[in-house]
Amino acid sequence: MKKLLLFILLSGFAPTYAQLINPYGLLVINERTAYNKSVEQDKNKQLIEIKKRIPDIILDIRYAGKNNFTKQAVYKQARAFARLPVVEALKNVQNELKKSGLGLKIFDGYRPYSVTVKFFAIASDKSFVANPKDGSRHNRGCAIDLTLIDLKTGKELEMPTPYDSFAPEAASDYTDLPSNVIKNRELLRSAMEKQGFRVLKNEWWHFDFIGWKSYELMDIPFEDL
């Protein structure tokens, strides 16, 4: 497979901006110039800073601090990015929720591929982290980790588990929960699905955007965007 991918690249059939064939045979964009070329060919591949496009959205970027399952800061900056269509869809979700006095809180968006490698090495339960051999939809800028907040109080709505929990209750279809918790979880899911997102089975907070396969894996740090 690795030899085939290398042949494809050298033959000119793969995108000219693909930068790296890693040990798993994956194509990963790992330089800003290569990223710029991809955007020139398709403006939807822009990584947009979510807060700049949706100013009233709340950020709680856990991996920029130690309040996460790794117990260490893996991002140098507390920022969140996603591809242009993903951010536009999030903006629609936020606007709809505001009509009910609710809003979104973002825990994570685009995640550099090297961070996914680190997570896989650290995690005790590998089912809750992406395998580097496949890459993550976060690496493609097409996954968002988030929850709901009450706009008046700023408090999070009660959900089945805290963010980043490895407990079975974190599953998006877990049923042995209080009715109000299930209602909150399904409210989030419904709002996101209406705008083209799909929840991850074992993480109620994780949503993938439709069409994620069209976007390359990325390994560019926030400070270079």
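Since every read-out is calculated from the coordinates, none of them should be taken as a lab result. A quick note: this is a predicted structure, and the numbers were derived from the prediction, not measured. In this analysis, Cβ positions are derived from the backbone assuming ideal geometry, glycine residues included, and neighbour counts consider all displayed protein chains.
For segment 51-64, in order, what is each residue's ³J(HN,Hα) by Karplus, 6.51 cos²θ - 1.76 cosθ + 1.60 with θ = phi - 60°, in whole Hz (x at glycine and Pro)?
Calculated HN-Hα couplings, in order: 5, 6, 8, 10, x, 8, 6, 9, 10, 9, 7, 5, 7, 8 Hz.
Run lengths n ≥ 4 of DSSP H only: what is the helix-derived mean residue ellipticity at 222 nm for the chain, with -39500 (n - 2.57) per run over all residues, to the nearest 500?
Values: 6 runs with 64 residues, N = 225.
After summing the helix terms and dividing by the residues of the chain, the value is -8500 deg cm²/dmol.
Quick one: net charge of L217's neighbours, Cβ under 10 Å, K/R +1, D/E -1?
On the way: positive: R137, R140; negative: D134, E216, D219.
Here the charged neighbours net out to -1.
Dividing the convex hull volume of the Cα atoms of segment 46-213 by its residue count, what figure in Å³ per residue is obtained?
Roughly 110 Å³ of hull volume per residue.
Taking the Cα atoms of segment 132-225, what is the range of coordinates along each of the three principal axes, in descending order and whole Å?
Reported extents, whole Å, longest axis first: 40, 30, 25.
How high is the FRET efficiency between K66 and D134 when r is their beta carbon distance and R₀ equals 35 Å, given to the nearest 0.05? Walk me through the intermediate numbers first.
Numbers: r = 27 Å, r/R0 = 0.78.
Calculated transfer efficiency: 0.80.
Around G101, what is the net charge, scoring Lys/Arg as +1 and Asp/Glu as -1 over all other residues with Cβ under 11 Å from its Cβ? Please report the intermediate quantities before stating the final value.
Details: positive: K98, K99, K152; negative: D150.
Here the charged neighbours net out to +2.
So between N92 and A121, what do we pick up on full extension, going 0.36 nm a residue minus the alpha carbon distance? Intermediate results must be reported in sequence, preceding the final value.
On the way: separation 29, 0.36 × 29 = 10.44 nm, distance 3.60 nm.
Value of the extension gain: 6.8 nm.
Under 17 Å from the 7 Å Cα→Cβ point of K43, by amide nitrogen: which residues of segment 194-224?
In segment 194-224, the label zone of K43 (backbone N under 17 Å from the point 7 Å along Cα→Cβ) covers no residue.
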